[in-house]
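Comments concern the structure below.
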Amino acid sequence: MADTSPSLPVLDLTRFSGEVAQRAAFLQEVRAAAFGPGFFYLTGHGIPDRLIRDVLMTSRNFFSLPERDKLAIEMINSPHFRGYTRAGREFTRGRPDWREQLDVGAEREAFSFSGSAPPWTRLQGPNQWPDAIPELKPLLLRYQQQVTDLAIKVLRVFAAALGQREDVFEPIHAPSPNQLIKLIRYPGRASDESDQGVGAHKDSGFVTILLQDTEAGLQVETDDGWIDAPPLPGSFVVNIGEILELASNGVLRANVHRVVSPPADVDRLSVAFFLGARLDATVPLLTLPPELAPYARGVTQDPNNPLFREVGRNYLKGRLRSHRDVAQRHHADLLAEYAIKPSLAAAY
């Protein structure tokens, strides 16, 4: 019997460069996916299979290290929110997420600390790398560059789907976009334990490019309830972030998603890449063509998660909320300003 359960659309990126009719049909499918689930599988992306296999294998090797090696680069050591996080140490909506992870951002020097500087300047700085796996740094930085190029191409797709110049977002991301890789391992949980691998949340950047290994768990919220987004070989899962929602006045909407923990005898591995605007940028409100203006639904109004057009402020808010230990150790002076409360914690 055929599977009739709802699923995400599958879009082939090579059609964006096809003939006029093929490109127009592709952009229509992008708009439908954006106005519907806000997620889709992306094929024809051009990232080499060998690189993908190496990233997944080396990520698993990292998580297999003795705990002391992983804790040597624990995020609590980094005011820039880089490094390793143990399961249960990141929070979404006040509840711990049962996943361990390594956060790797753009490899840039830290700004000099200044009390008069914008608080978001604290986010820029070096990564922490494990001594036990020296090949991890060059591999992830190579992957980061290739998936950044892919994410920028996807951003150009969304710009075209909105009836804009393909480079309309370049002024707020070039030459130093906000880049973040998260290597994530979700340990299995017993049936009587919480199944929150990561709680329901939206992503804060432009787009997310998600690489899944073999175990399912990602779920997307739709008007008809939650639908599964299991791994599809040869594809990435792409979803819209809050910057695009702000810029398009809700034509493109950042959608809620979560990850359900796998069963007790297995684990789940994924590699998420988040492309965001420069930290000093402000998100514009695009002028939509007449045929798209009626689809502007407005920006989601969530009193527990206010959105700011100032990119650095919005991103810093998310990091302070999701990593309480780092916030308390390095940024206690900001907690009152950002009204950080456990009930407002949110992933990104």
Gyration tensor (alpha-carbon) shape descriptor, region 1-129, a/c threshold 1.5: prolate
Take each of the peptides 221-228, 112-119, 12-19, 36-43, average the number of other beta-carbon atoms within 10 Å over its residues, and list them starting from the highest. 36-43, 12-19, 221-228, 112-119
Work through the residues other than Gly115 whose Cβ is under 12 Å from its Cβ and net out their charges, Lys, Arg +1 and Asp, Glu -1. 0
Could you tell me the distance between the Cα centroids of region 114-155 and region 162-222, to the nearest Å? 16
Relative contact order (percent, whole number), region 11-344, Cα cutoff 8 Å, 6+ residue spacing: 22
Shape of region 154-293 from its Cα gyration tensor (a ≥ b ≥ c, root eigenvalues): rounded if a/c is under 1.5, otherwise prolate when a/b > b/c, or oblate? prolate
Rank the residues Asp167, Asp195 as a footprinting-exposure proxy: fewest other Cβ atoms within 10 Å of their Cβ go first. Asp167, Asp195
Check cross-link reach from Lys202 to the lysines: straight Cα distance under 22 Å, and skip same-chain residues fewer than eight apart. Lys153, Lys182, Lys317, Lys341
Cα centroid distance between region 257-298 and region 25-63, in Å? 13
I want to verify a result. In a Gaussian network model of the chain, Cα cutoff 10 Å, which of these has the top mean-square fluctuation: Pro290, Pro48, Pro171? Pro290
Within 10 Å of each residue's Cβ, count the other Cβ atoms and sort Val10, Val326 from fewest upward. Val10, Val326
Computed over the chain, Kirkwood Rh from alpha-carbon pairs, angstrom: 20.6
Counting helices only, and only those DSSP H runs with n ≥ 4, report the 222 nm mean residue ellipticity of the chain as the sum of -39,500 (n - 2.57) divided by its residues, in deg cm²/dmol to the nearest 500. -8000 deg cm²/dmol
Protection proxy ranking of 300-311, 257-268 - average other beta-carbon atoms within 10 Å, highest first: 257-268, 300-311
Quick one: Karplus J couplings for region 234-241, per residue in order, coefficients 6.51, -1.76, 1.60, θ = phi - 60°, nearest Hz, x for Gly and Pro? x, 10, 10, 9, 10, 9, 7, x
Would you mind ranking Tyr84, Tyr143 by Cβ crowding within 10 Å, fewest neighbours first? Tyr143, Tyr84
Once you put a point 7 Å from the Cα of Lys153 and another 7 Å from the Cα of Arg278, both along the Cβ direction, what distance in nm separates them? 2.5
Where nothing but the Cβ of Lys and Arg (+1) and of Asp and Glu (-1) is charged, how large is the charge dipole of the chain around its Cα centre, in debye to the nearest 20? 700
Classify region 25-69 as rounded, prolate or oblate, taking a ≥ b ≥ c as the square roots of the eigenvalues of its Cα gyration tensor: rounded when a/c is under 1.5, otherwise prolate if a/b is larger than b/c and oblate if not. oblate
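No lab work stands behind these numbers, since they all come straight from the coordinates. Owing to the predicted nature of the structure, the values given are computational and were not obtained by experimental measurement. Don't worry about glycine lacking a Cβ; one is built from the backbone with ideal geometry, like all the others, and counts go over all protein chains shown.
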